[in-house]
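The values are calculated or read from the model by the stated rules, or taken from the named source; none is laboratory data. Computed from a predicted model, the values in this text were never measured in an experiment. Every residue, glycine as well, gets a Cβ built from its backbone with ideal geometry; the counts of neighbours run over all protein chains shown.
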């Protein structure tokens with residue numbers, strides 16, 4: 001009787017290697033013509049330009065190159081009574097490499113970057129330059145997409161022995177990216193003055209709903225737009241010249257992924273690649289943003305794969321292949337609210353109005369304990385506000401100020417099966433942040449931030465799986481049968497085996513060419529998965 005195999009085609013990202021690297025990126029942002037000299041730098045932000053990211057694999061090494069976009073806000077050295085707050089953009093190039101044994105051309109490279117810290121300095125003797133020093137942590141992973149037919153079951157002779165192992169994998173249906181433009185006219189709120197000049201426009205995309213239909217992912221969300229502008233103040237009237245407004249622009253986009261179907265798992269990320277705003281009229285700003293959407297569709301499958309086959313009565317040639325994959329233990333999401341009452345530093349004036357508070361989450365420690373992922377970190381809060389200078393002798397006309405605070409946070413998600421020695425992949429994102437001044441104390445304000453944690457725990461698995469079984473020709477079978485019968489006649493009437501460390505009933509049965517069940521019955525073994533070193537086992541003779 002021949003051996004019949006049941007096979008399943010799976011597509012997996014076979015892991016070649018991964019590594020972390022930290023790089024210090026330094027550069028100079030130079031003011032363009034038309035901008036006034038710098039009197040004081042208020043704040044500096046940096047964002048990795050994902051569109052510029054380029055990777056190149058040479059033997060056992062990955063080279064990563066790209067750009068970091070830097071935005072700076074500063075007080076200009078201008079005559080009193082003119083607009084003092086200005087904004088400048090620039091880029092800083094970087095290049096580094098990581099060693100990953102086994103990496104070769106045409107393999108897939110995934111780079112995950114996180115800006116850990118930004119330092120900036122300004123030399124009064126060079127009033128048109130801002131020096132920046134940015135610490136970036138990179139995680140680089142090399143994989144190769146393979147399609148492989150794996151044996152998941154086998155039938156054949158009555159004494160056919162089949163060893164299976166459960167494997168949880170991500171069967172990748174497809175992944176794709178798309179760029180889309182969101183354009184809209186937004187109005188100045190009724191309680192805000194007219195616009196004279198726009199200083200800065202920022203945007204953040206937030207998904208509200210994602211769904212899969214045949215061959216496509218549809219993403220609905222909002223573009224959160226913040227505009228810092230110079231107000232149009234009537235001549236001779238004292239009024240704070242710099243104002244801030246926030247609006248939301250809804251959007252609907254899609255990404256085509258052939259093979260995607262409702263009910264499959266998905267991973268979607270929407271980023272604002274570029275945003276700009278122009279004054280349409282005194283009460284309207286035309287906003288145009290380029291959104292970059294990355295989407296991945298996959299099915300998490302639990303396969304009982306065949307890792308070994310033998311038959312005491314038949315000679316079988318078993319073909320195997322080594323599979324090296326990230327076995328998914330589990331993934332989960334969680335949201336927490338961080339709420340803190342903060343105080344204006346002593347050297348700063350009190351608050352009249354808060355323009356905006358930006359929050360950035362920096363992870364200081366992440367760990368896995370049994371069935372749980374814990375992430376600890378610091379929330380850096382950057383607040384831009386208008387100072388209340390009423391009654392302060394000699395107070396400057398420019399009352400815009402900037403302050404920074406740090407607030408610790410701890411969050412966690414439960415992932416059943418997670419263990420300390422497994423691999424953790426996670427993202428902590430600031431979903432929303434708001435702040436308000438204490439009405440009874442202009443030196444105190446409350447900040448409320450919503451943090452989202454998405455964690456995934458995997459375990460690198462290297463496993464030899466069966467891909468085919470070849471049976472010998474009939475003549476070889478007959479000769480093999482005679483040889484086995486001769487060996488059986490030469491065997492002693494009883495064999496006693498002493499269990500060694502690392503032994504399993506499967507290995508022992510295969511060594512003596514008998515079935516696992518025959519050893520279990522001969523020794524009255526209650527639990528076939530539990531045998532102890534030093535235990536004596538009777539090995540029965542195979543019945544011919």
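Points worth noting:
- Of the residues 486, 477, 456, 481, the single one that is more than 30 Å from residue 151 (Cα to Cα) and either at pLDDT below 85 or surrounded by 17 or more Cβ atoms within 10 Å (Cβ to Cβ) (or both) is 486.
- Qualifying residue in the stretch 20-27 (condition: in contact with a strand residue (DSSP E or B) (Cβ under 7 Å, 6 or more places away or on another chain) and over 24 Å from residue 113 (Cβ atoms)): no
- All positions within the stretch 404-423 that are surrounded by fewer than 16 Cβ atoms within 10 Å (Cβ to Cβ) and at negative phi: 404, 406, 408, 410, 414, 416, 419, 420, 421, 423
- Any hit, the stretch 43-51, residues being assigned to a strand (DSSP E or B), under 30 Å from residue 468 (Cα atoms) and not assigned by TED's automatic domain parsing to the domain that holds residue 423: no
- Residues satisfying the stated conditions in the stretch 19-46, i.e. surrounded by fewer than 18 Cβ atoms within 10 Å (Cβ to Cβ) and closer than 30 Å to residue 101 by Cα: 19, 20, 21, 22, 23, 24, 26
- Residue in the stretch 505-513 that is more than 20 Å from residue 309 (Cα to Cα), more than 44 Å from the chain's Cα centre (by Cα) and not in a loop (DSSP other than H, G, I, E, B) present: no
- Scope the stretch 424-453; condition surrounded by 19 or more Cβ atoms within 10 Å (Cβ to Cβ) and under 17 Å from the mean Cα position of the chain (by Cα); matching residues: 428, 451, 453
- Of all residues in the stretch 423-473, those that are over 30 Å from residue 348 (Cβ atoms) and part of a strand (DSSP E or B) total 24.
- Only residues that are closer than 24 Å to residue 403 by Cα and in contact with a strand residue (DSSP E or B) (Cβ under 8 Å, 6 or more places away or on another chain) were counted in the stretch 433-460, giving 16.
- Residue count for the stretch 98-123 satisfying the condition of being crowded, with 16+ Cβ neighbours inside 10 Å, farther than 27 Å from residue 429 by Cβ and under 24 Å from the mean Cα position of the chain (by Cα): 3.
One line per residue, one yes/no per condition, for (1) touching a strand residue (DSSP E or B) at 6+ places or on another chain (Cβ under 7 Å); (2) surrounded by 18 or more Cβ atoms within 10 Å (Cβ to Cβ); (3) touching a residue at least 40 places away in the same chain (Cβ under 8 Å):
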| residue | (1), (2), (3) |
| --- | --- |
| 277 | yes, yes, yes |
| 280 | yes, no, yes |
| 283 | yes, no, yes |
| 289 | yes, yes, yes |
| 292 | yes, no, yes |
| 305 | yes, yes, yes |
| 308 | yes, no, yes |
| 312 | no, yes, yes |
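Residue by residue, here is whether (1) at pLDDT 90 or above; (2) more than 25 Å from residue 39 (Cβ to Cβ) holds:
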residue: 64; (1), (2): yes, yes
residue: 74; (1), (2): no, no
residue: 77; (1), (2): no, no
residue: 86; (1), (2): no, no
residue: 97; (1), (2): no, yes
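- Residue match in the stretch 183-200 (condition: farther than 20 Å from residue 88 by Cα and free of Cβ contacts under 8 Å to residues at least 12 places away in the same chain): yes
- Residue list for the stretch 124-148, filter: more than 28 Å from residue 60 (Cβ to Cβ) and either loosely packed, with under 14 Cβ neighbours inside 10 Å or free of Cβ contacts under 8 Å to residues at least 60 places away in the same chain (or both): 124, 125, 126
- Residue under evaluation residue 529, criteria (1) over 21 Å from residue 309 (Cβ atoms); (2) touching a helix residue (DSSP H, G or I) at 6+ places or on another chain (Cβ under 9 Å), criterion not met: (1)
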